[in-house]
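See structure below.
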Amino acid sequence: MAGNKGYLYTNGVISAISSKLLKKETFNKIIESTDLDNSISLLNNTTFVNGKKINSIFDLNNLLKIEEFKINEFLKKECPISEFVDYIDCINDYNNLNLFYKSILFKFNINEKNIIEGKCSILKIKECLTLNNFDGLNSKYIKELFEKISKIKNKQKDWVKIDYYFKSQCYKNLFNIVKNNKILLEILRNKIDFQNISLCLRVNNFDEFNNQFIENGILTLNFFENYFKSGKISVISKSNKVLDNLLKILKLNDKEKFDVLNKECNLIELKTLHNFNDNIESPIPFLKYYYRKILEIKNLRMIFSLKSNNLNSKIKDRFLEEN
């Protein structure tokens with residue numbers, strides 16, 4: 001990991017490779033092209049393909065998956081703060097546990113080649129799920145998760161509760177990882193607030209909300225209880241622009257709410273990072289590059305998926321921009 005090399009070294013590397021990220025102008029040309037083959041040709045003329053040639057959507061999807069693996073490897077090799085590596089590893093571990101547990105519960109197959117491992121190997125996760133013994137994963141949060149799940153009688157029918165247990169334990173674990181890092185803690189708390197606001201819009205009443213509330217965000221359970229009772233937003237923070245914008249979603253009409261939510265869930269990290277000075281002797285440049293690369297991959301996957309299904313008209317509305 002690059003912590004020993006220092007921020008100046010790492011951010012020097014970031015400065016060099018950031019220029020290879022696709023510019024908005026390039027995205028616009030690809031979006032505006034009405035022909036799928038021409039769109040692929042435009043992408044082939046960019047630095048994203050790195051000398052490779054894409055001939056089909058299949059080729060593109062393979063390349064996007066390779067890019068996801070590469071950014072994960074880059075994170076582990078060059079990240080200047082160990083907490084961020086642990087943070088991303090933790091998210092991958094819970095996602096993988098959730099996926100493999102579902103595959104057992106609902107009996108479906110998984111393409112393991114597409115899975116990005118965290119600290120827990122896929123082999124170890126499968127072994128622990130098969131033996132129903134999670135000591136080998138060395139995490140009290142994961143043990144607590146499956147102790148809770150074990151008490152549910154009809155697991156297939158009660159999947160909403162199981163999904164909530166996965167989320168809440170993951171966020172507890174993440175909070176423990178980043179609680180002493182101001183930057184990562186603000187990212188996490190904004191993400192938790194987003195989850196709770198999203199939940200608030202999906203459930204019918206406060207009791208239902210209370211059963212799925214995730215702790216450690218900025219917005220308290222009392223805040224949401226007051227919102228369900230009055231329909232009014234009692235407090236809006238003036239110091240957290242990300243939270244301000246999330247709270248404004250509650251005031252939108254139903255169609256707008258969910259359109260904005262779908263975008264905001266992919267932009268929270270970058271918008272949070274804009275609250276901090278972009279200092280070359282800080283982890284901010286690295287963190288911004290990591291999330292911009294993830295955003296680039298998501299945008300390309302979305303654009304070409306819609307194009308391949310003749311849904312060009314929906315692309316601009318779904319395009320993700322951090323500003």
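The values are calculated or read from the model by the stated rules, or taken from the named source; none is laboratory data. Everything quoted here is computed from the prediction, not taken from an experiment. Note that each Cβ is placed from the backbone with ideal geometry, even for glycine, and that neighbours are counted across all protein chains shown.
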Handout entry: Filter result (closer than 20 Å to Tyr289 by Cβ, hydrophobic (A, V, I, L, M, F, W, C) and surrounded by fewer than 18 Cβ atoms within 10 Å (Cβ to Cβ)) within the stretch 29-62
Key = Val49
Fill in the blank from the handout: Scanning the stretch 201-218 for residues that are in contact with a Lys or Arg (Cβ under 9 Å, 6 or more places away or on another chain) and part of a loop (DSSP other than H, G, I, E, B), the one modelled with the lowest pLDDT turns out to be Ile218
Practice task
Taking the residues in the stretch 255-273 that are surrounded by fewer than 16 Cβ atoms within 10 Å (Cβ to Cβ) and among the basic types (Lys, Arg) as candidates, determine which candidate is nearest to Ile14 (Cα to Cα).
Solution key: Lys263
Completion exercise
Here the residues within the stretch 274-323 that are out of contact with any Pro (no Cβ under 7 Å at 6 or more places or on another chain), part of a loop (DSSP other than H, G, I, E, B) and either aromatic (Phe, Trp, Tyr) or crowded, with 20+ Cβ neighbours inside 10 Å (or both) are Phe276, Phe319
Fill in the blank from the handout: Only unsatisfied item for Glu73, checking (1) surrounded by fewer than 14 Cβ atoms within 10 Å (Cβ to Cβ); (2) in a loop (DSSP other than H, G, I, E, B), is (2)
Practice task
Residue by residue through the stretch 243-273, note down the ones that are assigned to a loop (DSSP other than H, G, I, E, B) and either aliphatic (A, V, I, L, M) or under 17 Å from the mean Cα position of the chain (by Cα) (or both).
Solution key: Leu250, Leu252, Cys265, Asn266, Leu267
Exercise for the section: Tell me which residues, restricted to the stretch 84-124, are among the aromatic types (Phe, Trp, Tyr), buried (at least 16 other Cβ atoms within 10 Å of the Cβ) and more than 17 Å from Glu68 (Cα to Cα). Expected result: Tyr94, Phe100, Tyr101
Completion exercise
Lys191 meets each of (1) surrounded by 14 or more Cβ atoms within 10 Å (Cβ to Cβ); (2) at pLDDT 85 or above; (3) over 18 Å from the mean Cα position of the chain (by Cα) with one exception, condition (3)
Exercise for the section: Go through the stretch 115-146 residue by residue and tally those that are among the basic types (Lys, Arg) and over 13 Å from Phe100 (Cβ atoms). Expected result: 3
Problem - Single match in Glu186, Glu215, Glu144 (criterion: under 19 Å from Ile268 (Cα atoms), surrounded by fewer than 19 Cβ atoms within 10 Å (Cβ to Cβ), in contact (Cβ under 8 Å) with a residue 24 or more places away in the chain and not basic (Lys, Arg)) - result: Glu215
